[in-house]
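Just below is one structure, and these are the notes that go with it.
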Ligand SMILES: [Zn+2]
């Protein structure tokens, strides 16, 4: 599986970025923005988006869980 690229600037995206995009824009998204482009889209600070990532993670949002080998059938 190859890493998705930002639809806007073509930068390679990390798991947190695609997860945040799904959380904020839609779970069914197949095209994603990087943090910088998301910040531009929402007209907010990139730092705020990083805080949101930490917030959603602390809430236990399943979107942000890295797809690991033991992830299946172990939903919190
Ligand atoms: Zn981008």
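Every number here is computed from the coordinates shown, using simple stated rules; none is lab data. Since the structure is predicted, the reported quantities are computational estimates derived from the model, not experimental observations.
Key figures for this structure:
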| quantity | calculated |
| --- | --- |
| Relative contact order, percent, the range 15-64 [alpha-carbon distance under 8 Å, six or more residues apart] | 42 percent |
| Between helix 46-58 and the chain: long-axis angle, C-alpha atoms, 0 to 90°, nearest 10 | 10 degrees |
| Normalised alpha carbon radius of gyration of the chain [divisor 2.2 N^0.38 Å] | 1.10 |
